[in-house]
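Have a look at the structure below before the remarks.
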Amino acid sequence: MKTVIRGIGQIVSGDVAAPFVDGDTIVCVDGRIAGIGREALVDVEGADTVIDARGTTVLPGLIDSHVHPALGDFTPRQRALDFLESEVHGGVTTMISAGEVHLPGRPRDVVGLKALAILAARAYQSFRPGGAKVHAGAPILELGMTEEDFAEMARAGVKLVGEIGLGSVRTGRDAAPMVRWARRHGMTVTIHTGGPSIAGSSPIDAETVIEADPHVVGHVNGGTTSMSPREIERLVGQTGMALEIVHCGNPRTALHTLRIAREAGAADRVILGNDAPSGTGVVPLGILRTLALLAALGDCPPEVAVAMATGNTARVYGLPVGRVAPGREADLTIVDAPVGSVARTALDALRAGDLPGVSMVVIDGIPRVGRSRNTPPAARAAEVTRGHAPGGGH
Ligand SMILES: [Zn+2]
């Protein structure tokens, strides 16, 4: 199964250190990227599918590092259907659960929370809304868990720990041994920070985060109430943790985190998430909106912001996506400036504060979405010139 994307104007790599790849053509074989370069120099023979990008921009499929699925593509939190598939129309091809916290009757006993984590991990392995890769099964830690509980979940395929602090484990002292066990069994751990998102939980400050020692500082800019700028500076300067900026958080501390992380040479630690569904809502374009925030108001080169939503997250979570590089899974989002924008390219649109138009989303080398039903229309739209075109939204 071979797919060729030709006529590309600009390729964004997803690598924060080298954010562009030279070339106008990407070749995908059996779901992985096999070649990138000038059309005359790569092997385009015998393609089953050919996509003409019409001079537009190709990004790695975006990664949402913070989603709260329940089961299926329904969220009880905002009573919305197809919210995951809707994110694919926002250019997102991979989503990472920060905990299945909205499941009605979510069990809080140890047997029940393990069962839910295993169920969610396995169910979303087989269920691909809009073709998206949803990594779920992110247990919420409760007091009384033992190392064997983590070992058992890991054996059953659980690779994540959801936001620490949403269950009864809320202090650094209670969390630290459990985080060590989770790390030992190969799980990637995140923690809620800042003020409580809903009544009944407690604030988590920098001191608690440092003592707990997770991989990811969850919503460093609040979900929705942020830690103070001083606490954020401490976590940037004194730890090597990933710093997750979310759409449904505080925009001022999002930009503060961006600025001090870049000044500290830690742009590779910044990752981007939606933190939806939440009280803020369901936001299919949340990752694109965060890219526009960082690029337009945070003076971040848009290609670097894209790397924060792709290659950085893939590295933190050990996923074979997020980069336009040989061997990576061929998840790609084709974008252009929207109709009517002051900008002429997708990256210039972000710099100007506009959202690019998504004209095609390719997952595992297969065109899954044509013109997005959620973004404004791309001025120039990619087109399938050989093979099966995906369904569009408009
Ligand atoms: Zn949270």
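The values are calculated or read from the model by the stated rules, or taken from the named source; none is laboratory data. Everything quoted here is computed from the prediction, not taken from an experiment. In this analysis, Cβ positions are derived from the backbone assuming ideal geometry, glycine residues included, and neighbour counts consider all displayed protein chains. The accessibility values were calculated without ligands, DNA or RNA, using every heavy atom of the protein model including side chains. Shrake-Rupley method; radii C 1.70, N 1.55, O 1.52, S 1.80 Å.
Data for the structure
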item	result
Residue among Val44, Val21, Val27, Val67 that is more than 22 Å from the chain's Cα centre (by Cα) and either buried (at least 19 other Cβ atoms within 10 Å of the Cβ) or closer than 25 Å to Ser126 by Cβ (or both)	Val27
Residue ID - farthest from the chain's Cα centre (by Cα), chosen from residues in region 1-18 that are of a type in the set (D, E, K, R) and open to solvent by 40 Å² or more (accessible area, probe 1.4 Å)	Arg6
The lone exception for Gly286 - which of (1) in contact (Cβ under 8 Å) with a residue 60 or more places away in the chain; (2) away from the ligand (no atom under 16 Å from the Cβ) it fails	(2)
Within region 279-296, tally of residues that are in contact with a helix residue (DSSP H, G or I) (Cβ under 7 Å, 6 or more places away or on another chain) and under 18 Å from Thr253 (Cβ atoms)	6
Close pairs from region 212-224: first within 17 Å of Thr171 (Cα to Cα) and open to solvent by 10 Å² or more (accessible area, probe 1.4 Å), partner away from the ligand (no atom under 12 Å from the Cβ) and assigned to a helix (DSSP H, G or I), Cβ under 7 Å, at least 6 apart	Asp213/Ala176; Asp213/Val179; His215/Val316
Tally, over region 74-92, of residues that are among the hydroxyl-bearing types (Ser, Thr, Tyr) and farther than 16 Å from Arg289 by Cα	1
Criterion (within 16 Å of the ligand (Cβ to nearest atom), open to solvent by 60 Å² or more (accessible area, probe 1.4 Å) and either of a type outside the set (S, T, N, Q) or free of Cβ contacts under 8 Å to residues at least 24 places away in the same chain (or both)) met by exactly one of Ile198, Ile204	Ile198
Residue list for region 242-257, restricted to those being without any contact (Cβ under 8 Å) to a residue 40 or more places away in the chain and more than 15 Å from the ligand (Cβ to nearest atom)	Arg252, His256, Thr257
Complete set of residues in region 192-222 that are in a loop (DSSP other than H, G, I, E, B), within 25 Å of Gly318 (Cα to Cα) and either of a type in the set (S, T, N, Q) or in contact with a helix residue (DSSP H, G or I) (Cβ under 6 Å, 6 or more places away or on another chain) (or both)	Thr193, Asp213, Pro214, Val220, Asn221
Identity of the residue in region 70-85, in contact with a Gly (Cβ under 9 Å, 6 or more places away or on another chain) and open to solvent by less than 30 Å² (accessible area, probe 1.4 Å), that ends up farthest from the ligand (Cβ to nearest atom)	Asp73
Qualifying positions in region 45-56 - of a type in the set (Asp, Glu) and in a strand (DSSP E or B)	Asp52
Residue satisfying condition, being among the β-branched types (Val, Ile, Thr) and closer than 16 Å to Glu142 by Cβ, within set Thr208, Thr171, Thr193	Thr171
Filtered residues of region 223-237 (kept if in a helix (DSSP H, G or I) and farther than 18 Å from Val189 by Cα)	Pro229, Arg230, Glu231, Ile232, Glu233, Arg234, Gly237
Subset tally (residues that are touching a Ser or Thr at 6+ places or on another chain (Cβ under 9 Å), part of a strand (DSSP E or B) and closer than 23 Å to Thr224 by Cα) for region 57-74	6
Residues of region 30-41 that turn out to be over 28 Å from Asp348 (Cβ atoms) and either without any contact (Cβ under 8 Å) to a residue 40 or more places away in the chain or open to solvent by 40 Å² or more (accessible area, probe 1.4 Å) (or both), as a count	3
Region 258-280 residues that are over 16 Å from Val88 (Cα atoms) and open to solvent by 10 Å² or more (accessible area, probe 1.4 Å), paired with ones that are within 16 Å of the ligand (Cβ to nearest atom) and assigned to a helix (DSSP H, G or I) (beta carbon under 8 Å, 6 or more apart)	Ile260/Ile232
Count of region 44-73 residues which are under 24 Å from Leu291 (Cβ atoms) and of a type in the set (Gly, Ala, Ser)	4
